[in-house]
There are 2 protein chains.
Amino acid sequence: MSTPLESTSLTKRLTDSGLRPTPQREVVFKAILQKRNHPTADEIFARVKAQMPTISLATVYNCLETLVQCGLVRQVNIERAPTRYCPNLHEHAHFHDETTGEIHDIDVPAELLAKLRALLPPGYDASSVELSFRGKAGPETN
Amino acid sequence: MSTPLESTSLTKRLTDSGLRPTPQREVVFKAILQKRNHPTADEIFARVKAQMPTISLATVYNCLETLVQCGLVRQVNIERAPTRYCPNLHEHAHFHDETTGEIHDIDVPAELLAKLRALLPPGYDASSVELSFRGKAGPETN
DNA sequence: AACCATATTAGAACAATTCTAATTCCTACT
DNA sequence: AGTAGGAATTAGAATTGTTCTAATATGGTT
């Protein structure tokens, strides 16, 4: 009973990646599962301190990074880089090139954009839609 | 010749919104148009200082905000709030409720996701796709 | 020309995150 | 079981992008 299902799968994931299963990582993971919302690192820190008062915010960040690496948690707002401004006013998507750090515009047909908006439940009114890709651009030069 | 087309349209937009056309705003706007990429505020600051060495970074931020308000410039990475983590691992979009600040998950059919990926030019390989809406959720409670 | 709201400025403040260096903890090996 | 050694944790400082503050300057209107 000291090893519930959740922690075994966590332990497995960690060891499979050559990482150590530590109490901190377990507690952080459970704190995220606790409520099905989208907590910030600070919120997770608060939840976790209740059970483990000695844990530090830096550790929470470290654990989160580990969990994201293992694919156990997703990061919603990856973009911590500075805000960027663009003069291209018509609706378009962005491709963030991971190797160069550059951002390229991607055209999105209006028809497809409409389909995206149609995903929203009734009553939801989106004032903006942001679509961004992240990855490697091919070697073809221009 | 001291009032090229670009600045007249800028002036018009500003005055239409009850805002003043100032040299700083003009210079910032031109700096963004100068190159068709996605500069950060710092980069714009650097470009601008060449012509107007006395301008301050705060002003650049102010001008950018104004230009975004007027719809002359788009902000790419609006999300300045802290990174959020979510345990929902299958592909989904997010809806940022502007009134409550909450984030709701939106399901995206795999078929539609495939269509989005298909927008990328050949050679582009996206490791992640992020789709987020921003707006007001309806009044229906749950 | 004077007024007054609006803009600009420099620098301090802030918030989220990362870094640093010291300590502690797991795990593997005897 | 004991211990070496690398990995993880910790507290606090540092960093970064952005916003705030309070004083000064400016532009457009009367």
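Across region B:68-83, the number of residues qualifying as open to solvent by 20 Å² or more (accessible area, probe 1.4 Å) and either part of a loop (DSSP other than H, G, I, E, B) or at pLDDT below 80 (or both) comes to 8. Against the numbered list (1) in contact with a helix residue (DSSP H, G or I) (Cβ under 6 Å, 6 or more places away or on another chain); (2) at pLDDT 80 or above; (3) open to solvent by 60 Å² or more (accessible area, probe 1.4 Å), residue B:44 comes up short only at (3). Taking region B:125-142 as the range and being open to solvent by 50 Å² or more (accessible area, probe 1.4 Å) and within 8 Å of chain A (Cβ to nearest Cβ) as the test, the residues that pass are B:125, B:127, B:136, B:139, B:140.
Which condition from (1) touching a strand residue (DSSP E or B) at 6+ places or on another chain (Cβ under 6 Å); (2) over 27 Å from residue B:92 (Cα atoms) is the one that residue A:38 breaks? Condition not satisfied by residue A:38: (2). Quick check: is even one residue across region B:28-44 within 9 Å of DNA strand C (Cβ to nearest atom), in a helix (DSSP H, G or I) and more than 19 Å from the chain's Cα centre (by Cα)? For region B:28-44, residues within 9 Å of DNA strand C (Cβ to nearest atom), in a helix (DSSP H, G or I) and more than 19 Å from the chain's Cα centre (by Cα): absent.
Residue count for region B:18-27, restricted to those that are among the polar types (S, T, N, Q) and either at positive phi or not in a loop (DSSP other than H, G, I, E, B) (or both): 1. Does at least one position in region B:48-67 carry a residue that is surrounded by fewer than 19 Cβ atoms within 10 Å (Cβ to Cβ), of a type in the set (Ser, Thr, Tyr) and away from DNA strand C (no atom under 14 Å from the Cβ)? No, region B:48-67 contains no residue that is surrounded by fewer than 19 Cβ atoms within 10 Å (Cβ to Cβ), of a type in the set (Ser, Thr, Tyr) and away from DNA strand C (no atom under 14 Å from the Cβ).
Is there a residue in region B:14-30 that is touching a strand residue (DSSP E or B) at 6+ places or on another chain (Cβ under 7 Å) and modelled with pLDDT of 80 or more? No. Within region A:17-40, being more than 12 Å from DNA strand D (Cβ to nearest atom) and surrounded by 12 or more Cβ atoms within 10 Å (Cβ to Cβ) holds for A:30, A:31, A:32, A:33, A:34, A:37, A:38, A:39, A:40.
Residues that are within 14 Å of DNA strand C (Cβ to nearest atom) and either at pLDDT below 90 or not in a loop (DSSP other than H, G, I, E, B) (or both): does region A:84-96 have at least one? No - not one qualifying residue is present in region A:84-96. The number of residues in region B:97-139 being modelled with pLDDT of 85 or more, out of contact with any strand residue (DSSP E or B) (no Cβ under 9 Å at 6 or more places or on another chain) and within 29 Å of residue A:30 (Cα to Cα) comes to 2.
The values are calculated or read from the model by the stated rules, or taken from the named source; none is laboratory data. The shown structure was predicted, so the numbers you read here are calculated from the model rather than taken from an experiment. Positions of Cβ are generated from backbone atoms using ideal geometry, with glycine treated the same way; all protein chains shown enter the neighbour counts. Keep in mind that these areas ignore ligands, DNA and RNA; they rest on the heavy atoms of the full protein, side chains included. Shrake-Rupley method; radii C 1.70, N 1.55, O 1.52, S 1.80 Å.
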